[in-house]
1. Please return the ranges of helices (runs of 4 or more DSSP H) entirely within the stretch 31-105 where 3 or more residues are farther than 22 Å from Y124 by Cα and at pLDDT below 95.
2. Can V137 be described as within 20 Å of the chain's Cα centre (by Cα), under 22 Å from A180 (Cα atoms) and either among the acidic types (D, E) or buried (at least 24 other Cβ atoms within 10 Å of the Cβ) (or both)?
3. Could you tell me which residue of the stretch 87-107 is surrounded by the most Cβ atoms within 10 Å (Cβ to Cβ), considering only residues that are of a type in the set (D, E, K, R) and out of contact with any Leu (no Cβ under 7 Å at 6 or more places or on another chain)?
4. Of the numbered conditions (1) among the small types (G, A, S); (2) farther than 24 Å from L281 by Cα; (3) in contact with a helix residue (DSSP H, G or I) (Cβ under 7 Å, 6 or more places away or on another chain), A107 satisfies every one except a single condition; which is it?
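The values are calculated or read from the model by the stated rules, or taken from the named source; none is laboratory data. Just so you know, these numbers come straight off a predicted model, no measurement behind them. Methodologically, a virtual Cβ is constructed for each residue, glycine included, from the backbone with ideal geometry; neighbour enumeration extends over all protein chains shown.
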Amino acid sequence: MTMLSLFHRKNSRVYFRTVASAGVLGLLASFAAIYPCALPAEEPDAVVQQRIAQEVRLIQEVTGQHGLSQQMGYLWANLASDYRKRGDFKSSEAAYFQAITALEGVASPNRNYATALDNLGMLYLSYGRVEEAERYVKRSMQVRKMMNYPLDLARCEQHMAEIDLAKHKFKDAENEAAHALEVMQAQSDPETVDMISALNTLAYTRCLRKRCEQGMEAAQRSLELSRRVFGEESKPSAHATMAVGFALWKLGRVDDADQAMRDAIQIVRSQSGLERQGLQLLLLEYLNFLRSEHRVDDAAITTRELDETRARTAFCTACVTVNSLRGSSK
């Protein structure tokens, strides 16, 4: 679904001490933590490619010096995150497997291990592999329940909300997102994008459960927060705008919904490089709207743009969107 794959995103960075040679320590300073599965910051493709090359060299160096499992785990996880940014699913998946294998041997409970599991789960969800996503997020949740980090657990709960939304379990998804948001607000979560995602989830679930006035309220809160923190032309704002458009549609304001959805698409369409990856998600949402409104010609135009976008990048060839969520109101 749209609000999900955009950021995912969501795991706080986990810091720990490293032990390595002086030469390696200089490079390790750039990798203080396992990154969230996707970050709201927008970077040129060349920057990400350069960082991937550096990460690969660093892994080779640390491996040659018999680096500790904790070091190797976060290095592999950071590499996986950057592969994901480039839309390279297979390389990202393989790197996460390496990270999880390295971190499994570290004394439990381990925040890095939980973060890697969670990030892999959300990688699977963004590619439509819902059952695998659920398996890894639940494993992460089990680890996090042993630790006293409420925000980490809240992020897992929000991820489960997105998974349940994809499975048409709307009541569960709403409850999970609402509780996760409550914890994030109480803990003054510095990762604002997590709260945005929770609000987007609430917008969709409440509209799909026939309470779209409340859904619109959540969508508007998401949009206000996105614009204030990231700016009007940011990806978070684009996806929040799409959530507003969805709510408007369900409220019967079809023309306003159409305008909001096109505005969301234009924000991402005007960007370049990696920032355009989220365009597929928005186009899929808009295509569902057009087909439901029997706008055949417009749907054909959007389909062509979607095909062209897919041809330019391997990102999200089987994205989870709200496209499959209209037939039920559990």
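1. Result: 45-64, 69-85.
2. Yes.
3. Quick first cut of the stretch 87-107, residues of a type in the set (D, E, K, R) only: 88, 90, 93, 104.
So of that shortlist, the ones also out of contact with any Leu (no Cβ under 7 Å at 6 or more places or on another chain) come out as 88, 90, 104.
Values: D88: 18, K90: 9, E104: 14.
If we take residues in the stretch 87-107 being of a type in the set (D, E, K, R) and out of contact with any Leu (no Cβ under 7 Å at 6 or more places or on another chain), then D88 is surrounded by the most Cβ atoms within 10 Å (Cβ to Cβ).
4. Here A107 clears every test but (3).
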